[in-house]
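Worksheet for the structure shown next.
Just so it is clear, none of the values below were taken in a lab; they were calculated from the coordinates. Treat the numbers as computed from the prediction; the structure is a model and nothing was measured. Because the Cβ atoms are built from the backbone with ideal geometry, glycine has one as well, and the counts that use them run over all protein chains shown.
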Amino acid sequence: MKTTLAVIVLLVVATGTVYTQAPPPPNGELPRVPALNEGNLSTLPSQLSQSAQPKERNIDQLLDEIQAVRAQRAELEKKEQSLVVEVRKLVDKQTDRLNKLGLGLQVQPPPVSVDVPAGLVPGGIPSTGGPILPPPNR
């Protein structure tokens, strides 16, 4: 039992190492790496610092980029609106079909309650301490 388990583990490990190795170059040669010497090392930090600094853009480039972003935004909004219209059509179609089969939801609007301040209701007691309106003549 232990021997079988050990063989299986060895096979899995060996298979895993074969697949994780990088493939050889197509022409069989290894890529050449430039040799580092004292001259190369002194210019290396300056090259890195120059490439790490972002290029300064002028106002025209920034305005062009803003214009491109706004165009992309308008295109996305237009696409969103068309998708919403398409979804609503499909939902309406599905709702109609469900209603025809008698399976649709009978949605009733919630009861409407009107909150009127007490001072505006005839005979009501205002919260501000103002005069009470007389009840209507009937």
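Miscellaneous remarks
- Theoretical gain in end-to-end length, Glu75 to Leu105 [0.36 nm per residue, Cα-Cα removed]: 7.2 nm
- Glu86/Glu56 FRET efficiency (R0 35 Å; Cβ-Cβ; nearest 0.05): 0.20
- In sequence order, calculated HN-Hα J values of the stretch 64-75 (Karplus, 6.51, -1.76, 1.60; Hz; x Gly/Pro): 4, 5, 4, 4, 5, 5, 5, 5, 5, 4, 4, 5
- The average projected area of the stretch 58-102, computed from the convex hull of its Cα atoms over all directions, is 2.7 nm².
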